[in-house]
Amino acid sequence: MNLDYLKVFYVTANNKSFSQTAKDLHLSQSSVSLQIKQLEEQWDCQLFERTTKKISLTPAGEILYHKVKKLIALMNETENELEELKGSVHGDLKVGASLTIGEHVLPFLLADFSSLYPKVSLHLNVYNSRHIVEKLLNHEINLGFIESMLSYPALKQVPFAKDELIIIASPENKFIKTDNLTIEELLSVPIIIREKGSGTRQVMEDSFRRCHVDASKLNVIMELKHTEAIKSCVEAGLGISIISKSAVKKELRLGTLKQLNIDGITMQRDFYMIYHEEALKHTSRKLMEFISSRQ
């Protein structure tokens, strides 16, 4: 039994796509198809129903999927127990973080963690929250950090820090005469926001909904993926934005940006660690314990 083939099968079953699996695992699509075909020939059964638009598991594929899921969990459990027995913390640790956390929160924590555990090889990549979930489900990363809770029963989510979203503007902006906005002014001024699928965007829309403000009526002139790009556009006077306060501490201190207020609306949230509990590595547990101890 080839464990690499089983991993390809498992990721394909999660993605429901040969092309996405090839992209995630850095393989050619023909290689993915060939490995699935060899598994099907080995057990003389079809694992996927294939149509022109999508693929789905057959009854045989469902059986194999659940067995492989347990196998991956058992392998991780075995690795953790052996690492605990050796009493050392070392190995690779692949972390995925959403933009605000990855750029403004985690770097300082990871630097201190690396000093404490120098034998751990850390790999940090920034994705939006939904991509982090996909990569956790496919076991491409070991631990995720996201800006808002998502509905994925297969994954555990634990809060580790609090954050606040604020409205920012350039001190020389031509749209706002006062630092205190009304709802009508908020909906009328040009605004630059994060892309759909980002944790910041979700928290903003949820906060507006609770206050009976229709986010679809915002005068959105740009949707951007990167916090630094948003800050630059606001500093240039193109519009206002809603952003994590932790991402603009320096600019607020230097006076290149200022905070605006709006009566009746506060946008607070928790940051979450998200992971597969049954697939949690020894190094992941140590990082989680370290971050929790710093709060």
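Some points to look at:
- Against the rule of thumb 2.2 N^0.38 Å, how large the Cα Rg of region 69-216 comes out: 1.37
- Accessible area ranking (1.4 Å probe, heavy atoms, ligands and nucleic acids excluded), largest first, for M75, M204: M75, M204.
- Take the Cβ atoms of H123 and S17, set R0 to 22 Å, and the FRET efficiency comes out at 0.35.
- Entries of K23/K53; K16/K156; K7/K156; K23/K135; K94/K135; K53/K196 with Cα pairs more than 20 Å apart: K16/K156; K7/K156; K53/K196
- Descending Cα extents along the principal axes, region 1-141, whole Å: 51, 36, 22
- Multiplying the residue separation of E184 and R209 by 0.36 nm and removing their Cα-Cα distance gives an extension gain of 7.5 nm.
- For K225, the solvent-accessible surface with a 1.4 Å probe is about 130 Å², rounded to the nearest 10.
- Shape call, region 56-137: gyration tensor on alpha carbons, a/c limit 1.5: oblate
- Label point at K249 placed 7 Å out along Cα→Cβ; residues across region 94-127 whose backbone nitrogen lies under 12 Å: 104-109
- Sequence-separation-based contact order of region 1-40, relative, with Cα cut under 8 Å and 6+ spacing, percent: 39
- Computed over the alpha-carbon pairs of the chain, the distance histogram in 5 Å steps reads 1, 5, 11, 13, 14, 12, 11, 10, 9, 6, 4, 2, 1, 0, 0 percent, short to long.
- With the gyration tensor restricted to C-alpha atoms of region 143-252, the semi-axes of the equivalent ellipsoid amount to 26, 16, 12 Å, longest first.
- Cα-based equivalent ellipsoid, region 101-153: semi-axes from gyration tensor eigenvalues, Å: 22, 13, 9
- Short-range pairs are left out: with C-alpha atoms under 8 Å and at least six residues apart, the relative contact order of the chain is 23 percent.
- Accessible surface of D44 - all protein chains present, 1.4 Å probe, nearest 10 Å²: 140
- Most mobile of N142, N173, N128 in a GNM of the chain (Cα contacts under 10 Å): N173
- Candidates K54, K231, K69: whichever shows maximal mean-square fluctuation once the chain is modelled as a Gaussian network with Cα springs under 10 Å: K54
- Spin-label pair S151/E223, simplified geometry with 7 Å Cα→Cβ offset, distance in nm: 2.0
- Surface accessible to a 1.4 Å probe, M1 within the full protein complex, Å²: 150
- Förster radius 22 Å - calculated FRET efficiency between K54 and S31, Cβ distance, rounded to 0.05: 0.60
- Estimated from the Cβ-Cβ distance and a Förster radius of 22 angstrom, the FRET efficiency linking E289 and E81 is about 0.85.
The values are calculated or read from the model by the stated rules, or taken from the named source; none is laboratory data. What you see is a predicted model; the values in this text were computed from it and never measured. Here Cβ is always computed from backbone atoms with ideal geometry, including for glycine, and neighbour counts include all displayed protein chains. SASA here: full protein model, heavy atoms, side chains in, ligands and nucleic acids out. Shrake-Rupley method; radii C 1.70, N 1.55, O 1.52, S 1.80 Å.
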